[in-house]
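**Q** Okay, handing you the structure first.
Every read-out reported here was derived from the displayed coordinates using simple, explicitly stated rules and does not represent laboratory data. What you see is a predicted model; the values in this text were computed from it and never measured. Cβ coordinates were reconstructed from backbone atoms using ideal geometry, including for glycine residues, and neighbour counts include every protein chain displayed.
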Amino acid sequence: MRILLVEDEPGVARFIRQGLTEAGYAVDVAQDGREGLAYGLSAEYDAVVLDLMLPKMNGLEVLRELRHQQFKTPVLLLTARDGVDDRVQGLDAGADDYLVKPFAFPELLARLRALLRRPPLQAGTLLQLADLQMNLATREVHRAGKLLEFSPREFSLLELLLRHPNQVLTRTQILEHVWNFNFYGDSNVVDVYIGYLRRKVDLGFAPPLIHTVRGVGFRLSERFD
Ligand code: CA
């Protein structure tokens, strides 16, 4: 999952970015409102964490402009303790939720998880394909009842595949969602991680669920066609 964080205070931005990265998200940071708007409109994000008090363009203006441009991604606002009006205006302008500063990091993660499971194709905290089940709340994955262990990055990749069952995802789409802008490595890294997933998800189980679509990308599916 790829998150856009728009936050001008370097210490806060660093803290949030580090926490989200450790939780397995790919994070891009924009340092003012105008940059946030440009990032938001130029890449596919799964969620946006948007501070309200920003230089150049405040969070509310950014949010209004994003929604005006048909930006559908869930937005979590960061607001000041006494900013009741800000919160109301923010929700009216199309924010999906807000969090009052200062906040406990686990709460930010919980809010994000809630936002990320709101719009996907399969509702609820469970993503499932065939006998493969991912619980987003507990972060447990089972196949045929057996518990599988994943690194945060592998989990993120599998989550992306499970959110788009039977759809081909290109290496670029996967890189964009699971890694981030600052990743300049070889897109071969996707193949490497798909290999890790195969060993855990498909080895010793039938049928195989992770399929390579030659020259295009990868698909999670029960079918072979
Ligand atoms: Ca700020």
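**Q** Just want the ordering: 168, 6, 29, from fewest to most Cβ atoms lying within 10 Å of their own Cβ.
**A** Numbers: 168 15, 6 29, 29 23.
Least to most surrounded, the residues fall as 168, 29, 6.
**Q** Which of 209, 203 comes first, and how do the rest follow, when ranked by fewest Cβ neighbours within 10 Å?
**A** Final ranking by Cβ density, sparse to dense: 203, 209.
**Q** Separate question: Tell me, what HN-Hα J-couplings in whole Hz come from the Karplus equation 6.51 cos²θ - 1.76 cosθ + 1.60 at θ = phi - 60° for each residue of the range 50-58, using x for Gly and Pro?
**A** My calculation for the range 50-58 gives 10, 6, 7, 8, 9, x, 6, 8, 6 Hz in order.
**Q** Taking every DSSP beta bridge that has both residues in the chain, what percent is antiparallel when rounded to the nearest 5?
**A** That works out to approximately 50 percent antiparallel.
**Q** Where does the charge balance sit around residue 75 when Lys and Arg score +1, Asp and Glu -1, over other residues with C-beta under 9 Å from its C-beta?
**A** Within the 9 Å Cβ shell, the charges total -1.
**Q** Could you list 138, 170 so that the one with the fewest beta carbons within 10 Å of its beta carbon is first and the one with the most is last?
**A** 138, 170
**Q** For residue 41 and residue 9, what is the calculated FRET efficiency with R₀ set at 35 Å and r taken between the beta-carbons, to the nearest 0.05?
**A** Values: r = 23 Å, r/R0 = 0.66.
It comes to 0.90.
**Q** Moving on. Once you have all Cα-Cα distances for the range 1-130, histogram them in 10 Å bins from zero and send the whole-percent values.
**A** Here the calculated profile for the range 1-130 is 13, 48, 33, 6, 1.
**Q** When the Karplus curve 6.51 cos²θ - 1.76 cosθ + 1.60 is applied with θ = phi - 60°, which whole-Hz ³J(HN,Hα) does each residue of the range 89-101 get, with x for Gly and Pro?
**A** Values, residue by residue: 4, x, 5, 5, 7, x, 6, 9, 6, 9, 9, 8, 7 Hz.
**Q** Something else now. Short version: what are the Cα gyration tensor semi-axes of the range 126-220, square root of 5 times each eigenvalue, largest first, in whole Å?
**A** Sorted largest first and rounded, they come to 21, 15, 12 Å.
**Q** In sequence order, what are the phi-derived ³J(HN,Hα) couplings for the range 111-116 according to the Karplus relation 6.51 cos²θ - 1.76 cosθ + 1.60 with θ = phi - 60°, rounded to whole Hz, with x for glycine and proline?
**A** 5, 5, 4, 4, 5, 6
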